[in-house]
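Have a look at the structure below, then the notes.
The numbers here are math on the coordinates, done by the rules we state, and not lab data. Being a predicted model, the structure only gives us computed values, none of them experimental. A quick note on method: Cβ atoms are made from the backbone with ideal geometry, for glycine too, and the neighbour counts reach across all protein chains shown.
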Amino acid sequence: MNIRKILSFFILLIVLLMPLAPQLVSAAALVPCGGTGQARCELADIFQLILNIYNFLILVIATPLAGLMIVIGGVLILLSGINANWFNTGKKILMWSFISLLLIFGSWLIINVLLTAIGYTGAWHTF
């Protein structure tokens, strides 16, 4: 690849990910304790931190990114009359986007089923 194509790709990527910037700034609230005016961190706060990181990655990063990739794959399929290779590329993007969504929401389902199977009755997804 020449440098012009790589630079164009990164500029396009930055422009497409710009709407996520406010969400990424909200990642500062991941740590539930230890800040100014907050209680000291304890061992139980580690689990809240893990849950906050999981929710941030799934709800704020992965789901919108998968939705964006579905849109890009659909646009490539629609524009495949211009370039015949775009149809196969769009089809692959759609396929992997749907697989990623299945994994994203399937992970929550697997954790929920396993905890229910061992007898945990609390709401693990909210502390």
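If packing is taken as the mean number of other Cβ atoms within 10 Å per residue, what is the order of 64-74, 36-46, highest first?
Numbers: 64-74: 15.8, 36-46: 9.8.
In descending order of packing, they fall as 64-74, 36-46.
In nm, to one decimal, how far is the modelled label at Thr116 from the one at Gln48, with both set 7 Å along Cα→Cβ?
For the pair Thr116/Gln48, the computed spacing is 2.7 nm.
Seen from all sides and averaged, what is the projected area of the convex hull of the Cα atoms in the chain, in nm²? Kindly include the intermediate steps, with their values, before the conclusion.
Numbers: hull surface 46.5 nm².
If you wrap the Cα atoms of the chain in a convex hull and average its projections, you get 11.6 nm².
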